[in-house]
Amino acid sequence: MNTGSSNTNSPVIIIKDVSKSFGENHVLTGFNLTVNKGENVVVLGRSGTGKSVLIKCIVRLVDADRGSIQVLGTDIPSLKRDALDAMRSKIGFLFQSSALYDSMTVGENLEFPLRRHRKKNMHYDVNKLVSDALESVGLNGTQKMSPAELSGGMRKRIGIARTLILNPEVMLYDEPTTGLDPVTAREINHLILDVQEKFNTSSIIISHDMNCARMTANRIVVLIGGKCYAEGTYAELKQSQDKNVKQFFD
């Protein structure tokens, strides 16, 4: 269980009354959440209940139909394209599939966000940044490998390294342990904690994996019916007598 402290007086993400529908499918119906500085919040829910849609709304890969989303004090829905790109450079997003470019080496995959987001007049050593990012996830020396040569766990680690290379303040993890064996999943959970401690990131972790929730969360939010149905620590929610909450812990 993650018992690390967070600064509860310093909200980094504020989501108010966010709704999103796809035709008649109402996946978010007035969702509210605040994430504080240095805090890991796991959004727990069954498959297909809108968890991934929520974090895609935060970075505007999907536009919310209604509601307010603030990240680092900035109103996300109101941003124009250039300002949105600049904000996205402060937000690390680990896709469920890791979303590595198969035509690029590991090193080239990590260089891609640097070339996309860093200003032309900024001077930095690309090779050192790539090496440091890989070292932070325990995979230094893999620069010349192709994604096809990597195991599922290694791809997840490279995906995390690619987000860390821009030194983001916020991390969004979409089902980080899905498809992994229990040992590799545990390693990824420990890596999420390492990232939180080393980089002081504020994170939303989307998951239906109870081991992931138990290990990584300072706080858990249960998403049911498109809303924040319940929230608390793992220990608090495990003691709940509400059948809708108990189903996750039984």
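The values are calculated or read from the model by the stated rules, or taken from the named source; none is laboratory data. In this text, all values refer to a predicted model and were calculated from it rather than measured experimentally. Glycine gets a Cβ as well: all are built from the backbone with ideal geometry, and neighbour counts include every protein chain shown.
Points to keep in mind about this one:
- Residues satisfying the stated conditions in the stretch 65-85, i.e. aliphatic (A, V, I, L, M) and surrounded by 14 or more Cβ atoms within 10 Å (Cβ to Cβ): ILE69, VAL71, LEU72, ILE76, LEU79, LEU84
- Checked across the stretch 69-77, the condition of being assigned to a strand (DSSP E or B), in contact with a Pro (Cβ under 9 Å, 6 or more places away or on another chain) and either hydroxyl-bearing (Ser, Thr, Tyr) or modelled with pLDDT under 95 (or both) holds for no residue.
- Restricting the stretch 46-64 to residues that are in a loop (DSSP other than H, G, I, E, B) and crowded, with 22+ Cβ neighbours inside 10 Å, the residue that is farthest from the chain's Cα centre (by Cα) is ALA64.
- The stretch 81-100 residues that are closer than 27 Å to GLY48 by Cα and acidic (Asp, Glu), paired with ones that are at pLDDT 90 or above and loosely packed, with under 15 Cβ neighbours inside 10 Å (beta carbon under 6 Å, 6 or more apart): none
- Only one entry of TYR101, TYR173 meets the criterion of being closer than 16 Å to SER89 by Cα and not aliphatic (A, V, I, L, M), and that entry is TYR173.
- Residue within the stretch 232-248 that is within 21 Å of CYS57 (Cβ to Cβ), touching a Leu at 6+ places or on another chain (Cβ under 7 Å) and buried (at least 19 other Cβ atoms within 10 Å of the Cβ) present: no
- Screening the candidates ASN140, ASN109 for the property of being touching a helix residue (DSSP H, G or I) at 6+ places or on another chain (Cβ under 8 Å), among the polar types (S, T, N, Q) and surrounded by fewer than 16 Cβ atoms within 10 Å (Cβ to Cβ) yields one hit, ASN140.
- All conditions in (1) under 20 Å from the mean Cα position of the chain (by Cα); (2) part of a helix (DSSP H, G or I); (3) within 30 Å of HIS26 (Cβ to Cβ) hold for MET215, with the sole exception of (3).
- Residue that is nearest to ILE58 (Cα to Cα), among those in the stretch 189-205 that are in a strand (DSSP E or B) and either at pLDDT below 95 or not β-branched (Val, Ile, Thr) (or both): SER203
- In the stretch 88-99, residue farthest from VAL71 (Cα to Cα) [restricted to those that are crowded, with 19+ Cβ neighbours inside 10 Å and at pLDDT 85 or above]: LEU94
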